[in-house]
Amino acid sequence: MKVVFLDRATMGPDIELARPSFEHEWVEFDKTRPEEVLERTRGADVVITNKAPLRAETLAELPTLKMISVAATGYDVIDIEACKKQGIQVSNVRGYAVHTVPEHTFALILGLRRSIKAYVDDVIAGEWERSGQFCFFNHPLKDLAGSRLGIIGEGAIGQSVASIGRAFGMEPVFAAHKNVSGLGPLYTPWDEVIETADVISIHAPLTPSTRHCIDATEFSRMKQKPLIVNTARGGLVDEQAMVDALHAGQISGFGFDVLTAEPPNPDNPLLTVLNRPDVLVTPHIAWASQQARLEVWRQTIAHVDGFSNGEELNSLTKS
């Protein structure tokens, strides 16, 4: 059985990759551009991918392909319907990020709420020596305790973010889905969250209904001038509208780990405000603690082994 891993570099050089337990031919590539996918996957029985896409037109040219193991939870790079039609099993990893993403989320929240970046830059610039006293107050400092944490996305990661928020004395509320009613008492109406939250943290999947779920209309109604934090998917927030809102003082800042295009295009509006003290942008690493990556790979290979034994583990295509 031939197994091809298209983007080994996404796992990082410090993670040793276990191989499938059955006899196989192993081929791996550090990175694979979309236009290289077809040639590199010809003749493969199993393909492992994180971000390298497998679209319908490519899948149609791969008659030997029987299984795709996605080394991630998000599977928008795979044409699931085409896989179902061709009888290709697709599995993804789940539950690995319930610590790493919430911890990174709060690293961004705390960094912004306490103006960490701004104060560190001031110390480097010699401001402390020039201040003439033991401390100085060039930037805002706010507690988390007593503030309202609006969470968009009520899955395992959103729930973990809520638990951490409660530990800080915050009031976490889960936003009802935008333009959806009747979700029950566990949800706070979307409009209320937008208007009353001090911090808005996004943990929703990217779908046609969630794309740009926060846009200029939402920013104009944010009475608390909240921090906006996104460790979920790029595209959930209208990036130009957010930069405009920052300049207009409609929000207090933002911390983003995900962008619409990754790596960012040169014209991404977020790149124009990176030097501001109220902006933190990290390169899609919220998911990537060493422990989390080890778990991602454990599941990824377990799914391949399961396929060889006739099992469908974490299947996205099982009818």
Taking H as built 1.01 Å from N, whose amide H comes closer than 5 Å to the amide H of Glu28, not counting residues under 5 places away? Phe5
May I ask you to sort Asp191, Asp14 by Cβ crowding, counting other Cβ atoms within 10 Å and putting the fewest first? Asp14, Asp191
Using DSSP to call loops (not H, G, I, E or B), can you name the GluC sites (Glu not before Pro) in the range 261-319 whose Cβ has at most 14 other Cβ atoms within 10 angstrom? Glu311
Kirkwood Rh for the chain from C-alpha pairs, in Å, is 21.4 Å
Can you sort Phe174, Phe134 so the residue with the fewest Cβ neighbours within 10 Å comes first? Phe134, Phe174
On a 0 to 90° scale, report how tilted helix 156-167 is relative to the longest principal axis of the chain, with both axes built from alpha carbons and the result rounded to the nearest 10. 30 degrees
Can you tell me, using C-alpha contacts under 8 Å and at least 6 residues apart, the relative contact order of the range 100-281 as a whole percent? 20 percent
Could you work out how far apart the two model spin labels at Glu36 and Arg298 are, taking each label as a point 7 Å from the Cα in the direction of the beta carbon, and quote it in nm? 3.1 nm
On a 0 to 90 degree scale, rounded to 10, what angle separates helix 239-248 from the longest Cα axis of the chain? 10 degrees
For an R0 of 30 angstrom, estimate the FRET efficiency from the Cβ-Cβ distance between Ser21 and Ser319 and round to the nearest 0.05. 0.65
Specify whether the C-alpha gyration tensor of the range 206-288 places it in the rounded, prolate or oblate class, a ≥ b ≥ c being the square roots of the eigenvalues: rounded for a/c under 1.5, otherwise prolate if a/b is larger than b/c and oblate if not. oblate
Using 0.36 nm times the number of residues separating Lys84 and Arg166, minus their current alpha carbon distance, what extension gain do you get? 25.3 nm
Where a ≥ b ≥ c are the square roots of the eigenvalues of the C-alpha gyration tensor, would you call the range 1-69 rounded, which needs a/c under 1.5, or, failing that, prolate if a/b is larger than b/c, or oblate? oblate
What is the spin-label model distance, in nm, from Gln291 to Asn179 if the labels are put 7 Å beyond Cα along the C-beta direction? 4.0 nm
Need the C-alpha centroid separation for the range 208-225 versus the range 46-88, integer Å. 33 Å
The chain: calculated mean residue ellipticity at 222 nm from DSSP helix runs of at least 4, using -39500 (n - 2.57): -8500 deg cm²/dmol
Per the 1/(1 + (r/R0)^6) rule, R0 = 41 Å and r from the Cβ atoms of Lys66 and Glu262, FRET efficiency to 0.05 is 0.90
Which translational diffusion coefficient, to the nearest whole µm²/s, is obtained for the range 276-319 from the Stokes-Einstein equation, given a Kirkwood hydrodynamic radius over C-alpha pairs, 25 °C and 0.890 mPa s? 187 µm²/s
Using the alpha-carbon atoms, what tilt in degrees (0 to 90, nearest 10) does helix 290-308 show relative to the longest principal axis of the chain? 20 degrees
Of Asp198, Asp121, Asp257, Asp267, how do they rank once you tally other Cβ atoms within 10 Å and put the fewest first? Asp267, Asp121, Asp198, Asp257
Quick one: Karplus J couplings for the range 15-31, per residue in order, coefficients 6.51, -1.76, 1.60, θ = phi - 60°, nearest Hz, x for Gly and Pro? 9, 7, 8, 5, 9, x, 7, 8, 5, 7, 9, 10, 10, 9, 10, 4, 9
May I ask which of Lys31/Lys85; Lys142/Lys223; Lys2/Lys66 have a Cα-Cα span longer than 22 Å here? Lys31/Lys85
If R0 = 35 Å, then Asp244 and Asp121, at their Cβ-Cβ distance, give a FRET efficiency to the nearest 0.05 of 0.90
Dimensionless Rg/Rh of the range 100-281, both radii on Cα and Rh by Kirkwood, sits at 0.98
With the contact rule set at Cα under 8 Å and sequence spacing of 6 or more, what percent relative contact order holds for the chain? 18 percent
Among the range 165-191, those whose backbone N falls under 12 Å of a label point 7 Å along Cα→Cβ from Ser209 are 177-183
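Taken together, the values in this text are just the output of simple stated rules run on the coordinates, not laboratory data. Here the structure is a predicted model, which is why all the values come from computation and not from measurement. No Cβ is skipped: glycine too gets one built from the backbone with ideal geometry, and neighbour counts run over all protein chains shown.
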